[in-house]
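FYI, it's all coordinate maths here, none of it is from the lab. Note that the structure is predicted; figures quoted are calculated from it, not measured. Positions of Cβ are generated from backbone atoms using ideal geometry, with glycine treated the same way; all protein chains shown enter the neighbour counts.
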Amino acid sequence: MEATRIYLETTMFSFYYETRQKPHYQEYKAQVRQVFDLIKAGKFEPYTSIYATGEIDDEPDPEKRALMWQLIRDYGVEILDDSEEVKRLTALYIKEDAVTRASKTDAAHIAITAVNGLDFIVSLNFGHIARAWTVERVRRVNIRENYKAIGIYRPSEVLEL
């Protein structure tokens, strides 16, 4: 049986090492770690992109930044590159109001998932990615542009699959 190909958005790496005690944050951290356990068990084939690694490089805490990079290496997460098609689809998501113009990187995370034919994206970005509005708008654009309607899930939803 072939592993499901998933895209890990930046929050998946960040929350793996979450220390803040905000409501639900430790619960999210536990869910993220369970998703990584499923990767290790071979259920998921992990991918991310230069967009995520760019955001990781912007992490101000050098220790956390190094740990996130180590997570990518330890779990064999393949880093996908940018392309003209990813840029085109990113622009369409913004034009169709799936993602706001101010959240161009978030639109790019979704676009690179679609262009590379991955099964779904996993994110804790509830403001711009893992929300019903974005899921529906992305689905419409993807179908119109002959891409499959990728899933956009929160870690808790992935654990239910």
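Structure values in brief
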{"item": "Net charge of Cβ neighbours under 15 Å - reference ILE39; Lys, Arg +1; Asp, Glu -1", "result": "-2"}
{"item": "Value of relative contact order over region 43-108, rounded to a whole percent, pairs C-alpha under 8 Å and six or more apart", "result": "35"}
{"item": "Positive-end residue, region 61-119 charge dipole about Cα centroid, Cβ charges, pick of ILE79, ALA91, HIS109", "result": "ALA91"}
{"item": "Rel. contact order, % - alpha carbon contacts under 8 angstrom, at least six apart, region 112-161", "result": "46"}
{"item": "Protection proxy ranking of 100-109, 5-14 - average other beta-carbon atoms within 10 Å, highest first", "result": "5-14, 100-109"}
{"item": "Mean Cα-pair separation over length for region 1-124, i.e. relative contact order, pairs under 8 Å, 6 or more apart, %", "result": "36"}
{"item": "Two-site FRET efficiency, GLN26 against GLU2, from Cβ-Cβ distance with R₀ of 35 Å, rounded to 0.05", "result": "0.60"}
